[in-house]
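Below: one structure, written as structure tokens.
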Amino acid sequence: MKLKTSLTFLAGFAACAALLVLTAVTRSPTKGIPESELDVYSPGTEDLEPDEMRIVALGTGMPSARPKQAAACWLVELGNGDKFLFDIGSGCHERLAAQKIPYDYLNKVFIGHLHVDHYGDLASFWLGGTVMNRLVPLRIWGPSGSTPELGTQHALAMMKEMYAWDIGTRSGVIDFRGGVLEINEFPFDGVNKVIYDENGVVIRSIPAVHGLDGAVSFILEWNGLKFVYGSDTIPNKWFVEHAKGADIAVHECFLPATLLVTKQGFAPMEALMVGTQGHTSPEQFGKVMSLVKPRLAVGYHFYNDFDIEPEVRRRARKTYDGPLALASDYMVFNVTKQDIRVRMSAIDEEVWPSPALKKKIPPDTSGAIAFSKFTISGALPMLEVVGPIFDEINEMYGTQAEPIFK
Ligand SMILES: [Zn+2]
Ligand SMILES: [Zn+2]
């Protein structure tokens, strides 16, 4: 069990100031601390109230994932039971698994753009999910590009082809209903256009300015709450206009150009171009949030270390004095109309797959791809070893399974 630091604060409506809340507590030499007094989030242990939104930062770092921070991924859970993933960047799958959520509930993914740090773990989540007990299709929304080859539909069709061997090993062997992909490509240049409207949840997209045509930001609205997720973008007019009224506005807040040079090895000109013209510097992030005025501004997309965060904060504070959180992986936001609570998580690193929510059905073995005689000739059947294993399972579950290799 890894316990991380935690904090609690309320974002004020008018004062735009974070207020530290201290509550009177009782302590006993023998009784445990009531869960309501623990300022840490243990995934899977807390009810979500009917009017509550819980947001978990699963990936907040830079394009290269590192042990402390995966690349971009944000989980939004709603009190009506719906769950959404915004981006699914490199390294985030293990953080997602740590949430102890059955994978059938995690079947909706919104991709802001097709950089690897924003969808690099999609294949792992898609195909790995079939052995994590997901038995429903994986639904994906992503933008078009300036040509068909630069859009989400093409990228994911190619992904299916890329993993033909992987899919071939599973087809006819396991219940593979979770391997079905539903791809929903929408125009990248839609401005505040609805791309999802189900069960009282509306998600809109707005264009972003990043990389090439074909980057977007998302706006989720439900039950009077508004979550805005920038993915990657430099400051743009669509975000400033349509993120207004957000309870939580997440926007990139990239490493300062100075640190890109000293810590990342960028040439000075590269650092300026990447840090302010391709991405959003902390000072630009602050200016955007001064214009949007969300209940809580959330910056991400930098290496959030003890010696880096103060510098990022100092620069963001040059242009913004409202409620602010600078995200790190496993930061959790509980949002209602009354409160915004921000904590860190306690992660169980020995997490196992959640149980399947549907009854598994035997696979259609006619779809299985056979080994060649050559490969079969190399197998050592070890029937005296394997036979008792089959006997054990057949006796326990009334099956009549037999080894393939004899
Ligand atoms: Zn990007
Ligand atoms: Zn990025």
>> What does the extension gain come out to for LYS193 and GLU241, with contour length at 0.36 nm per residue minus their alpha carbon separation?
In response: 15.9 nm
>> Order these by the 10 Å Cβ neighbour count, fewest first: GLU182, GLU52.
In response: GLU182, GLU52
> Based on DSSP H assignment, which helices of the chain show an axial Cα extent of at least 18 Å together with a mean Kyte-Doolittle hydropathy greater than or equal to -1.0?
Replying inline: 383-397
> Once you charge only the Cβ atoms, +1 for Lys and Arg and -1 for Asp and Glu, what is the size of the charge dipole of the chain about its Cα centre, to the nearest 20 debye?
Replying inline: 820 debye
> Taking the Cβ-Cβ separation of ILE404 and GLU161 as r and a Förster radius of 25 Å, what is the calculated FRET efficiency to the nearest 0.05?
Replying inline: 0.35
> How much length is gained on full extension from LEU150 to GLU384, taking 0.36 nm per residue of separation minus their Cα-Cα distance?
Replying inline: 78.8 nm
>> Could you identify which residue out of GLU37, GLU221, GLU270 has the top mean-square fluctuation in a GNM of the chain using Cα springs shorter than 10 Å?
In response: GLU37
> Comparing ASN199, ASN394, ASN223, which has the greatest mean-square fluctuation in the GNM of the chain with Cα pairs linked when under 10 Å apart?
Replying inline: ASN394
>> Can you give the FRET efficiency to the nearest 0.05 for ASP348 and ALA267, using r as the Cβ-Cβ distance and R₀ = 41 Å?
In response: 0.45
> Which chymotrypsin sites (Phe, Trp or Tyr not before Pro) in segment 254-315 pass both tests, a DSSP loop state and at most 15 other beta-carbon atoms within 10 Å?
Replying inline: PHE306
> LYS358: which lysines have alpha carbons under 30 Å from its alpha carbon, excluding same-chain residues fewer than 8 sequence positions away?
Replying inline: LYS83, LYS100, LYS108, LYS160
> To the nearest 0.05, how large is the calculated FRET efficiency for ARG27 and MET396 if R₀ is 51 Å and r is the Cβ-Cβ distance?
Replying inline: 0.60
> Rounded if a/c is under 1.5, else prolate if a/b beats b/c, else oblate: with a ≥ b ≥ c from the C-alpha gyration tensor eigenvalues square-rooted, which is the chain?
Replying inline: prolate
> What 222 nm value per residue comes from the helices of the chain, counting each DSSP H run with n ≥ 4 as -39,500 (n - 2.57) and dividing by all residues, nearest 500 deg cm²/dmol?
Replying inline: -6000 deg cm²/dmol
> What translational diffusion coefficient, in µm²/s and rounded to a whole number, does the Stokes-Einstein relation yield for segment 222-341 at 25 °C and a viscosity of 0.890 mPa s, taking the hydrodynamic radius as the Kirkwood radius over Cα pairs?
Replying inline: 168 µm²/s
> Between GLY172, GLY214, GLY145, which gets the highest mean-square fluctuation from a Gaussian network model of the chain, Cα cutoff 10 Å?
Replying inline: GLY172
>> Assuming 0.36 nm per residue, please report the length gained on full extension of the stretch SER64 to PHE306 beyond their Cα-Cα distance.
In response: 85.2 nm
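Read the figures in this text as sums done on the coordinates, not as results from a lab. From a predicted model like this one, the values you see are computed outputs, not experimental measurements. Reconstructed Cβ throughout: ideal geometry from the backbone, glycine too, with neighbour counts over all protein chains shown.
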